[in-house]
Amino acid sequence: MAQGRGTAIVATVLLLGLLLHCENVWAASFNVGDAGGWSFNVDGWPNGKTFKAGDVLVFNYSPAAHNVVVVDKQGYAACKAPEGAKEFRSGNDKITLVKGENYFICTFPGHCESKMKVAVNAE
């Protein structure tokens, strides 16, 4: 009988562990700019899409030509990253959305001004 209880406890622990990780299973992944990737005039890309906290944005681009920087609303509007802003440079960056507004820009000269920026509201 003790062996049966031990098996049940192990099964319960495994089940609880799976349940704790299920949120990531339901997260969606979005390629920013769709087939065109992270590029100029991508600011309207989120229109018509629904995002949730935990969804992942995938930024595909040439790291020699672009980057992705997480900014706030003011940085987005001014196309300026604050000191210490998180910068991504891999060319295949995966960024998990937080609840509320999420803002991203390219800080290479003139790129953000050419609408290489995106604002995403996650529910």
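Tabulated values for the structure
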item: Close pairs from segment 43-69: first touching a residue at least 24 places away in the same chain (Cβ under 8 Å) and assigned to a strand (DSSP E or B), partner among the acidic types (Asp, Glu) and surrounded by 16 or more Cβ atoms within 10 Å (Cβ to Cβ), Cβ under 9 Å, at least 6 apart; result: LEU57/ASP93; VAL58/ASP93; PHE59/ASP93; ASN60/ASP93; VAL68/ASP93
item: Members of segment 80-106 that are free of Cβ contacts under 8 Å to residues at least 40 places away in the same chain, assigned to a loop (DSSP other than H, G, I, E, B) and either closer than 17 Å to ASN41 by Cβ or touching a strand residue (DSSP E or B) at 6+ places or on another chain (Cβ under 6 Å) (or both); result: ALA81, ALA85, LYS86
item: Filter result (closer than 20 Å to CYS79 by Cβ and of a type in the set (Gly, Ala, Ser)) within segment 37-61; result: GLY37, SER39, GLY44
item: Flag if ALA77 is without any contact (Cβ under 8 Å) to a residue 40 or more places away in the chain, surrounded by 16 or more Cβ atoms within 10 Å (Cβ to Cβ) and not in a strand (DSSP E or B); result: no
item: Those residues of segment 66-103 which are in contact with a helix residue (DSSP H, G or I) (Cβ under 6 Å, 6 or more places away or on another chain) and either under 24 Å from TRP26 (Cβ atoms) or of a type in the set (Ser, Thr, Tyr) (or both), in sequence order; result: TYR103
item: Hits in segment 5-41 (condition: closer than 20 Å to VAL98 by Cβ, modelled with pLDDT of 60 or more and part of a loop (DSSP other than H, G, I, E, B)); result: ALA27, ALA28, VAL32, TRP38
item: Unmet criterion (only one of (1) exposed (fewer than 15 other Cβ atoms within 10 Å of the Cβ); (2) closer than 18 Å to ASP43 by Cβ; (3) among the aliphatic types (A, V, I, L, M)) for MET116; result: (1)
item: Per-region count, segment 107-123, residues within 19 Å of ASN60 (Cα to Cα) and in contact (Cβ under 8 Å) with a residue 60 or more places away in the chain; result: 8
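The values are calculated or read from the model by the stated rules, or taken from the named source; none is laboratory data. These numbers come from a predicted model, not from an experiment. Here the Cβ is made from the backbone with ideal geometry for all residues, glycine too, and neighbour counts use every protein chain on show.
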